[in-house]
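Only the coordinates and a few stated rules stand behind these numbers; no lab work does. Note that this is a predicted model, so its numbers are computed, not measured. We place every Cβ from the backbone using ideal geometry, glycine too, and count neighbours over all the protein chains shown.
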Amino acid sequence: MLDSADMYVLLKVASLRGQDDWSQGLLAAEIGVSSSTVNRALKRAAEVKLYQPARKKMNLRSLEEALVHGAKYFMAPKRGGEVRGTPTAWAAPPLNEEIASSDALPPVWPNPIGEARGLSVEPLHPSAPKVALRDPNFYAVLALVDALRMGDNRERILAQKELHRLFAPSED
């Protein structure tokens with residue numbers, strides 16, 4: 001069974017959009033996890049047919065299907081009170097351009113150097129807010145997954161469409 005750390009790793013691989021010039025050690029360093037975490041995630045993903053180790057490719061259609069239909073059930077985020085943080089879900093790119101902000105506080109990952117005040121949402125991995133600052137593609141994927149994890153129907157549909165668009169260029 002995949003856990004949130006596994007999904008964090010798999011989403012990073014998916015965000016690479018078909019690049020195969022990465023190593024497990026480099027990937028681990030880029031996203032702030034151990035090499036053993038990356039190795040375990042890829043092995044588990046291969047067991048459930050989400051990753052093809054020989055080709056270093058994600059099965060993006062299956063990953064997308066799992067996220068769209070299961071994220072809100074199996075990766076439901078812990079939510080908290082008002083904090084300073086990094087916007088996520090519909091408050092972050094790319095959905096923040098499609099969804100007008102309301103008077104309500106946006107969802108944010110707690111981050112003392114974050115640029116927004118909002119309601120706390122636990123990220124898939126504690127290193128996500130820091131990594132998001134230097135990796136816009138990965139940040140977009142994580143924010144879209146957060147919209148799937150906690151959004152209403154409209155936000156989930158928009159996130160699904162955008163995630164499909166992001167994953168499409170590197171289809172198997």
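Computed quantities for the displayed model
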quantity	calculated
Some residue of the stretch 8-15 being surrounded by fewer than 17 Cβ atoms within 10 Å (Cβ to Cβ) and of a type outside the set (Val, Ile, Thr)	no
Residue that is crowded, with 20+ Cβ neighbours inside 10 Å, in contact with a helix residue (DSSP H, G or I) (Cβ under 6 Å, 6 or more places away or on another chain) and within 21 Å of Val38 (Cα to Cα), where the choices are Leu148, Leu142, Leu163	Leu142
Matching entry among Leu11, Leu42, Leu27, Leu63 (being hydrophobic (A, V, I, L, M, F, W, C), touching a Pro at 6+ places or on another chain (Cβ under 7 Å) and closer than 24 Å to Arg149 by Cβ)	Leu42
Residue that is within 14 Å of the chain's Cα centre (by Cα), more than 17 Å from Val121 (Cα to Cα) and without any contact (Cβ under 8 Å) to a residue 60 or more places away in the chain, where the choices are Ala66, Ala100, Ala92	Ala66
